[in-house]
Amino acid sequence: MAKSDHEQQETERLVARISTITGRELPEWFHILESGPKFLNANEQVDWLVNEHLLTHGYARALIHEYEHYRHNRMGLILDTSSTNTGVNAMIERSLATLQEKPDEHAVSVLVYIAGESVANRTLLDVVEALGQILGAFDLDRVDSSGPLLGSLAYWFRMRRRDFKEATASDLGKELGAEVKRALQLRAVDAEQAKVDDAKAAAATKLIASVEAHDAAVIQVGALLLVKANGVLHVRDLSPREINFLRQHPHSFTDPATVLARLETSITDPLVRSQDRELAKGYHEHDDQ
């Protein structure tokens, strides 16, 4: 819900006094928030600041409000409301193309598409917060993005590890995909709210929850595809053939109700099967280099 003019002025007044009242500048507080525990929502962050750093609720809320602005700016959040099919299809092609480039185990792309004639700004903020939480939990930086486009919602986001030396040997795309699958398993056990105490799993849970209120959505995390159709969430690991099919038919991606069926059909298409053999050969050549 948008703040009233009075609330906005009060927030700005509190933000301006934070360094004087606390003895810490905003960048230091932002660092504390990024290096501290990962929470599922702003209310939990406020409570943590009150209990652990002895801020009043007013200053804590103002600080979290300012931190969200900082984080969104760092993510390059620029709205494009001209949600044309051409723009969305180009975004889908770009996301899938990263999977057919030479593999980069330290980078991963995430694409969120939510079908609907007028997706609310609240949903966009939920998606942005989820991506921001993934950045923090996995210690990543945004390296590229496209969108978000509004009407239906489409947002592509590519992220990369900050410190390769400190990173594990695992492939980032596979690691994030595994956390998404884990989050889905936890939600299946407790449909109301998965209880997670791990920052990475909590971030994956937040991403899934961002499409909770919508019946039709698609989330691509690396080569992992989550499709929500008629309120039911399906999970699929994309093969090279399926990635190529979606690149050639990006409009399939924007129809969650039929995309899985179209992927199944592509398996029996002789032309696509021939192309898949060439793609697999190319992937093996990349692995050998």
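Rule-based calculations on the coordinates, nothing more; no lab input. Just so it is clear, the structure is predicted and the values come from calculations on it, not from any experiment. Please note: Cβ atoms are built from the backbone with ideal geometry, for glycine as well, and neighbour counts cover all protein chains shown.
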How many nm separate the modelled label positions at residue 32 and residue 13, each set 7 Å beyond the Cα in the direction of the Cβ?
2.3
Cα-Cα separations in region 5-74 greater than 19 Å, expressed as whole percent:
25
So for region 197-255, using the alpha carbon gyration tensor with a ≥ b ≥ c as root eigenvalues (a/c under 1.5 gives rounded; past that, a/b versus b/c decides prolate or oblate), I'd call it oblate
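Contour minus end-to-end for residue 174 and residue 42, with contour as 0.36 nm per residue of separation and end-to-end as the Cα-Cα distance?
On the way: separation 132, 0.36 × 132 = 47.52 nm, distance 2.85 nm.
Full extension from residue 174 to residue 42 adds 44.7 nm.
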Run the paramagnetic zone check for residue 101: 7 angstrom along Cα to Cβ, then residues of region 127-157 with backbone nitrogen under 18 Å.
140-147, 155-157
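Provide the gained length on full extension for the span residue 184 to residue 52, in nm with one decimal, where the gain is 0.36 nm per separating residue minus the Cα-Cα distance.
On the way: separation 132, 0.36 × 132 = 47.52 nm, distance 3.13 nm.
Stretched fully, the residue 184-residue 52 segment lengthens by 44.4 nm.
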Which pairs, out of 174/228; 38/228; 200/228, put more than 24 Å between their alpha-carbon atoms?
38/228
Between residue 90 and residue 257, with labels modelled 7 Å along Cα→Cβ, what's the label distance in nm to one decimal, could you check?
2.9
